[in-house]
Amino acid sequence: MNSTRPVLEANALEIGYGSTVIQSNITFSVTPGEIVCVCGGSGCGKSTLMRTVATLLDPLGGSLKIGGVELVGSSAEDLSVIRRQLGVMFQSGALFGGLTVLENVMLPIETHTQLSRSVRREMAMSLLSAVFLEDHANKLPSELSGGMQKRAAIARALSLEPPIVLLDEPSAGLDPITSAELDMLIRRLARLARKTFLVVTHELPSIFEIADRIVFLDAVERTVTAVGPPSQLRENGPERVRRFLNRQPENADKEAA
Amino acid sequence: MDAPVEQPTGAPTRIDFPSSNDDATVNAFWIQSVQPLLANPPAAVTLNLSGSDVRSLAMFSALVAMRRAVEKRGGTVTILGLQDIGKSILQSIERRAIALAPVPKQSVIAQTGTAALAALGMIGSILRFSQQIVVALFWAVRHPRTVRWRDFCAAAASSGADALPVTCALSGIVGFIIAFQTMPSFQKFGAPTMVGIVVAIAMVRELGPLISAIILSGRSGSAFAAELGTMTVTNEIDALRAMDLEPVRFLVVPRVLAVVIMTPILSMIATLSGLLGGYLVLYMNGISFAFYLEQIRQNLAPHDFIQGVFKMFVFALLIGSAGCVSGLETAQGPGAVGRSATRAVVSGIVLVIVTDGALGALFYLLGW
C-alpha cells in the first residue's frame, strides 16, 4: 500500500445473516480512485458483503472502516456520516417507480442539501448526460431498458458526489454490448470523477476490463483467498482463483457433490 | 435368488416390478404393491426389478419411495436386477435424501397457535414501529416542508374521495338494516318512533367509524402494504436507507398523515349516509323527517359526535400504520407482497375492533 490512506478498510470482517456466518475473515483495503471487483462463485457472500458495506446489514464481527469511520458498533450519527460517503447501485436498479428518471436522480440532492430547485435540476441533468440519458430524463423507470435503468441508478448513486460508489452486479442480465458499454462508463467515471468503485460481479470480461484489483471470496473456505490484479491472479493465484478466472470447472464428479 | 421369508406384518416382502410402463399397469402396481408397503413397511423386503425399466420415472419413484419407507423403520431392502444406470441415479438421489426429508407436520392446535403468534407478532411490530411513527409524525408537523406532499395527496385522494361512494353506500345500507330489523320489536311495544334514536346512536357512536375503518383497511391498508411491500422486494427501501433517508419518515408519514386527516371526514359523511338509510325505514312507517331530526337533536349530545370522530382518528392511525409496517416487513419471494397485504387487512381489522371495544369501555367509565 502506498502513502494514500485507504477509503475502505475491512479487517477480519465477519458477515452473514443473523446466526448464519457466510464469510468469517474478510481483510482487504481500497485506496482512493481504485476500482476493486469483489468476485467469487455463487453463494460465496458477494451480495452479503455488498449489503454490509452499504450499511444495510450489520457486520457480525471484525472491523470495517468506511472513509475512516468504523461501521462496527457505530452510532446513528456515525451511520449517517458513513452513508453520505457511499453511493449504491443495486442489482435491480431499485429506481423509484413513481418518480421520473430525473426526479430519481434529484431525490438525494433534494433531501440532503438546501440547493434551489434549478440548481438541483441542472446537477441531475449533468449526471444524466454523463450516463447518456439526458434524452430520457422525463420518462418513468418502467419505460427504460434494463441497461438504461442501471445507468440511471448509477447517476442516482453519484448524485451526492460520494467518494465511494458500490455497484451490485452492474452487468447482470445485460447483453454483451450493453454490458461492455457500462464497463466503459464505469472506467470513465472512475477516471473523470476520481471515484473509488467497489463492484460486485462475476462477469469475467467485466472483471478484466474494469478491475484494478479483485477481492476473491472463496465459497469453500469462507474467507478471502486472494487480493490482487486479475491478470496476475489468473496466472499465479491460488488454485480455485485461477480456475475461476480461467473458467475451468472442477471435474464433474466433485461438482455434483 | 433369496427365498423371501414371510413376515407377520401382512405387507408383501417380495415385490416384482412389472415390465410394462403404460399408465394402467403403473396405476395397478402402485395400488396393489406400493401403497400397502408404504402404509405398513415390512422389516425386510426384496424388490425385484429384473425385466422392468427403471428409466421410467414412475417405476423409479416407486423404488425410491419403498426403499425409503422400509429403511426409515430400520428394515433391510434387497434390490435385485437393477441396471447400472439405475444404480448410479439411486446413489445420486441418496445424497440428497436428507434435504428431501419431510417437514414434520404440525397438529391443528400447534397450527392455530402458530397463526395466533403470527398475528400477535404483527401487533408487536406495529408497536415497535409505532414509537418511530409517532416521533416522525410530530417531526413532520413541526417541519411540514420535509413531508412528501405528493405521496400525501395521492394517499389522501385514494383513501378519502375515492372511498366515498362505497363507504356511503355501505353505511347507508347498514343504517337501513338496523332500522328495518329493530322496527318490528319496537312496534310490538308501540314505540316505532324509538327506532330513530337507536339508528342515530348506533351510527354516530359506533357504526359510522367502524364501517369506514373496515373499508379503509380493505382499500388503503392493503394498498399501502402492497406498495411498500413491492418497494421492499425491489430493493427500493434499501436504496432509501443507503441514501440515508429513513423509510418511516419518507414513506410512512405522508400515508399515515393522509388517512388520519381524511378519514374522520369520510366517517362523518358515512355517518350521515347511515342516518339517511335508517330514515328510509322510518319514512315507510310514516315518521316525518323533521321529527327524526328533532329526535336526533334531543338524544345525541355533541360529545357523541366527537366520540365517533375521535374513534375514527385512532382507527386511521392504526390501519395506516399496520399497512405500512406490514409492507416494510415484507419477505422475499413471489407470494410475499400478497401475504403482506393480507396481513395488513387482517391485523388492521383486528386492531380496530379490539381498540373499539377498549375505547367503548373507556368512554363508559368516563361517563361520556
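So the values come out like this:
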| read-out | value |
| --- | --- |
| Helices (runs of 4 or more DSSP H) within the stretch B:171-239 that include 1 or more residues farther than 27 Å from B:Ala301 by Cβ, hydroxyl-bearing (Ser, Thr, Tyr) and open to solvent by 50 Å² or more (accessible area, probe 1.4 Å) | B:222-233 |
| Close pairs (6 angstrom Cβ cut-off, 6 or more residues apart or separate chains): free of Cβ contacts under 8 Å to residues at least 24 places away in the same chain in the stretch A:22-39, in a strand (DSSP E or B) and buried (at least 22 other Cβ atoms within 10 Å of the Cβ) anywhere | none |
| Subset of the stretch B:308-340 [aliphatic (A, V, I, L, M), farther than 15 Å from B:Gly124 by Cα, open to solvent by 10 Å² or more (accessible area, probe 1.4 Å) and not in a loop (DSSP other than H, G, I, E, B)] | B:Val309, B:Val314, B:Leu317, B:Val337 |
| Single condition A:His112 does not satisfy, out of (1) on the phi > 0 side of the Ramachandran plot; (2) within 9 Å of chain B (Cβ to nearest Cβ); (3) open to solvent by 40 Å² or more (accessible area, probe 1.4 Å) | (1) |
| Matching option when the condition is more than 10 Å from every other protein chain (Cβ to nearest Cβ), open to solvent by 20 Å² or more (accessible area, probe 1.4 Å) and within 16 Å of B:Glu236 (Cβ to Cβ), among A:Leu144, A:Leu140 | A:Leu140 |
| Matching residues in the stretch B:57-75 - criterion: being outside any helix (DSSP H, G or I) and either open to solvent by less than 20 Å² (accessible area, probe 1.4 Å) or at pLDDT 85 or above (or both) | B:Gly75 |
| Members of the stretch B:240-257 found to be in contact (Cβ under 8 Å) with a residue 60 or more places away in the chain, assigned to a helix (DSSP H, G or I) and open to solvent by 10 Å² or more (accessible area, probe 1.4 Å), listed by number | B:Arg249, B:Phe250, B:Arg255, B:Leu257 |
| Lone unmet requirement of (1) in contact with a Pro (Cβ under 8 Å, 6 or more places away or on another chain); (2) modelled with pLDDT under 80; (3) crowded, with 18+ Cβ neighbours inside 10 Å for A:Val224 | (1) |
| When residues of the stretch A:70-96 are limited to those that are open to solvent by less than 40 Å² (accessible area, probe 1.4 Å) and more than 10 Å from chain B (Cβ to nearest Cβ), the one farthest from A:Glu9 (Cα to Cα) | A:Ser74 |
| Residues that are assigned to a strand (DSSP E or B) and either at the interface with another protein chain (Cβ under 9 Å from one of its Cβ atoms) or open to solvent by 50 Å² or more (accessible area, probe 1.4 Å) (or both), drawn from the stretch A:52-69 | A:Lys65 |
| Selection from the stretch A:147-172 of residues that are more than 14 Å from chain B (Cβ to nearest Cβ), in a loop (DSSP other than H, G, I, E, B) and either in contact with a Pro (Cβ under 7 Å, 6 or more places away or on another chain) or open to solvent by 40 Å² or more (accessible area, probe 1.4 Å) (or both) | A:Pro163 |
| Failed item in (1) surrounded by 12 or more Cβ atoms within 10 Å (Cβ to Cβ); (2) at pLDDT below 80; (3) assigned to a helix (DSSP H, G or I), with A:Lys254 passing the rest | (1) |
| Total residues in the stretch B:258-294, condition open to solvent by less than 60 Å² (accessible area, probe 1.4 Å) and in a helix (DSSP H, G or I) | 19 |
| Failed item in (1) assigned to a strand (DSSP E or B); (2) within 17 Å of the chain's Cα centre (by Cα); (3) within 21 Å of A:Glu169 (Cα to Cα), with A:Gly16 passing the rest | (2) |
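The values are calculated or read from the model by the stated rules, or taken from the named source; none is laboratory data. The model shown is predicted, which means the values in this text are computed figures rather than measured ones. As a convention, Cβ positions derive from the backbone with ideal geometry for all residues, glycine included, and neighbour counts pool all protein chains shown. Areas reflect the complete protein model, heavy atoms only, side chains present, ligands, DNA and RNA absent. Shrake-Rupley method; radii C 1.70, N 1.55, O 1.52, S 1.80 Å.
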